[in-house]
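Just passing along the structure, written as structure tokens.
The values are calculated or read from the model by the stated rules, or taken from the named source; none is laboratory data. What you see is a predicted model, and the numbers here were worked out from it, not measured in a lab. With ideal geometry, Cβ positions are generated from the backbone for all residues, glycine too; neighbour counts draw on all protein chains shown. Note: accessible area is taken over every heavy atom of the protein model, side chains too, but ligands, DNA and RNA are not part of it. Shrake-Rupley method; radii C 1.70, N 1.55, O 1.52, S 1.80 Å.
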Amino acid sequence: IPDDYLPRTNYVPACSPAEFVKRTPHWKGEPITTRYRHIHRRMLAPTGERTLVSTLVPPASTHVHTVFGVALQSPDLLAAFHAMTLSLPIDFFIKTTGKSDLYESTLSGVPLASDATRVPLVLRALRLNCLTTYYADLWQELFDPAFRKDAPTTEDPRAEDRGLGHDLATYKQLSQTWKRHVALRTRFARRQALVEIDALAALALGLTADELCLIYRVQFPVLHQYERDTWYDQRGNVVFTNNKGLTGVGLARKEFEAIKHAQTQDELPEALRETYVAPFNTQDREEDMRQAYDVFTKRLGL
């Protein structure tokens with residue numbers, strides 16, 4: 001997507017612009033649409049891949065009532081809160097409520113990150129969300145020089161662009177000015193950031209690595225199934241996945257089975273050599289979460 005990309009909407013206001021602003025919720029005399037906000041799907045699906053599905057939206061965005069939006073007092077508080085909602089432990093907390101709709105009465109029970117985990121959590125939440133120029137102000141305001149001292153918890157070069165040819169900055173290259181490479185744009189890098197958020201949230205909540213993995217194994221069977229059959233190439237692209245939410249991503253199963261065991265580019269059909277780099281592999285989420293948990297325990301002195 002281009003830097004200034006805006007998704008299409010099928011909705012338009014059914015009133016004048018002035019009336020639309022008048023009807024918009026206000027806080028301290030200003031419409032909440034002047035702020036960055038956390039939003040999530042209002043209707044919950046506890047048996048799906050994830051129950052709590054959330055993101056950040058930039059100022060001037062509005063939405064209908066199929067999602068629930070929250071403006072917080074400061075951008076720092078917003079990012080710290082939102083980062084926790086991306087984690088499996090908080091998703092599990094929402095599952096345990098048994099609710100089918102997620103409103104403020106339940107959302108207010110979501111704990112914030114501890115001081116020790118807040119910076120790495122906010123960093124990863126920002127790199128997952130700040131995909132376009134409309135997030136540049138949020139990135140600039142929340143940038144912390146400590147971001148450059150962070151790093152993935154794996155040595156796998158696909159977790160950040162170490163000569164792989166993607167427009168993706170390493171942590172050391174981050175600066176206060178938003179640039180395209182701030183955002184994590186490959187499937188592998190985004191998954192790794194979410195795994196690390198899971199580990200950080202567990203540490204913030206006082207959970208052990210065993211408890212984190214137990215939550216994943218018992219309460220997220222659909223995610224577990226998708227993780228076991230999602231295959232990455234050596235650039236971090238998805239070659240094949242059985243994830244029903246990623247229709248059209250990667251090859252069809254029959255095409256993939258024909259190249260699944262390829263170890264070199266010469267073993268791939270010529271038409272695929274520019275798109276994928278062999279060999280291909282799956283990732284073990286439990287193993288990755290445990291590694292992230294151990295690394296952060298030492299890195300943060302917890």
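Considering only region 87-104, state which residues are open to solvent by 60 Å² or more (accessible area, probe 1.4 Å) and outside any helix (DSSP H, G or I).
Gly98, Lys99, Ser100, Tyr103
Report, ordered by the first and then the second residue, all pairs with beta carbons closer than 9 Å, sequence separation of six or more or different chains, a first member in region 34-54 that is without any contact (Cβ under 8 Å) to a residue 60 or more places away in the chain and within 19 Å of Val64 (Cα to Cα), and a second member that is of a type in the set (Lys, Arg) and in a strand (DSSP E or B).
Leu52/Arg41; Val53/Arg41; Ser54/Arg41
A follow-up question, please. Could we say that Arg290 is basic (Lys, Arg), closer than 21 Å to Pro157 by Cβ, modelled with pLDDT of 95 or more and open to solvent by 50 Å² or more (accessible area, probe 1.4 Å) here?
For Arg290, the condition - basic (Lys, Arg), closer than 21 Å to Pro157 by Cβ, modelled with pLDDT of 95 or more and open to solvent by 50 Å² or more (accessible area, probe 1.4 Å) - is met.
Would you confirm whether any residue within region 77-92 is under 19 Å from the mean Cα position of the chain (by Cα) and among the acidic types (Asp, Glu)?
yes
Let me ask something additional. Just checking: which of the strands (runs of 3 or more DSSP E) contained wholly in region 1-85 hold 1 or more residues that are of a type in the set (Ser, Thr, Tyr)? Lay out the reasoning, then the answer.
Numbers: elements: 37-41, 54-57, 67-70.
Answer list for region 1-85: 54-57.
Do we have Ser74 as free of Cβ contacts under 8 Å to residues at least 60 places away in the same chain and open to solvent by less than 30 Å² (accessible area, probe 1.4 Å) here?
no
Now a separate question. Residue check, His261 against (1) in contact with a Pro (Cβ under 9 Å, 6 or more places away or on another chain); (2) open to solvent by less than 60 Å² (accessible area, probe 1.4 Å), all met but one. Which one?
Of everything listed in (1) in contact with a Pro (Cβ under 9 Å, 6 or more places away or on another chain); (2) open to solvent by less than 60 Å² (accessible area, probe 1.4 Å), His261 misses just condition (2).
For the list (1) among the hydrophobic types (A, V, I, L, M, F, W, C); (2) within 27 Å of Gln225 (Cα to Cα); (3) in a loop (DSSP other than H, G, I, E, B), I need the number of the one condition that Leu302 fails.
(2)
Taking region 246-255 as the search range and keeping residues that are aliphatic (A, V, I, L, M) and either within 17 Å of Asp288 (Cα to Cα) or over 19 Å from the mean Cα position of the chain (by Cα) (or both), which one is least open to solvent (accessible area, probe 1.4 Å)?
Our first condition is that a residue be aliphatic (A, V, I, L, M); within region 246-255, this holds for 246, 249, 251-252.
From the residues that got through so far, the ones that are either within 17 Å of Asp288 (Cα to Cα) or over 19 Å from the mean Cα position of the chain (by Cα) (or both) too are 251-252.
Values: Leu251: 23, Ala252: 55 Å².
Residue satisfying both the conditions and the ranking: Leu251.
Looking at Ile1, Ile32, which one is of a type in the set (Val, Ile, Thr) and crowded, with 16+ Cβ neighbours inside 10 Å?
Ile32
Now, a different point. If you go through region 123-145 one residue at a time, do you hit one that is out of contact with any strand residue (DSSP E or B) (no Cβ under 6 Å at 6 or more places or on another chain) and over 23 Å from Arg37 (Cβ atoms)?
Here is the first cut: in region 123-145, the ones out of contact with any strand residue (DSSP E or B) (no Cβ under 6 Å at 6 or more places or on another chain) are 123-128, 130-145.
With over 23 Å from Arg37 (Cβ atoms) added as a condition, the list becomes 145.
So far as region 123-145 goes, yes, one or more of its residues are out of contact with any strand residue (DSSP E or B) (no Cβ under 6 Å at 6 or more places or on another chain) and over 23 Å from Arg37 (Cβ atoms).
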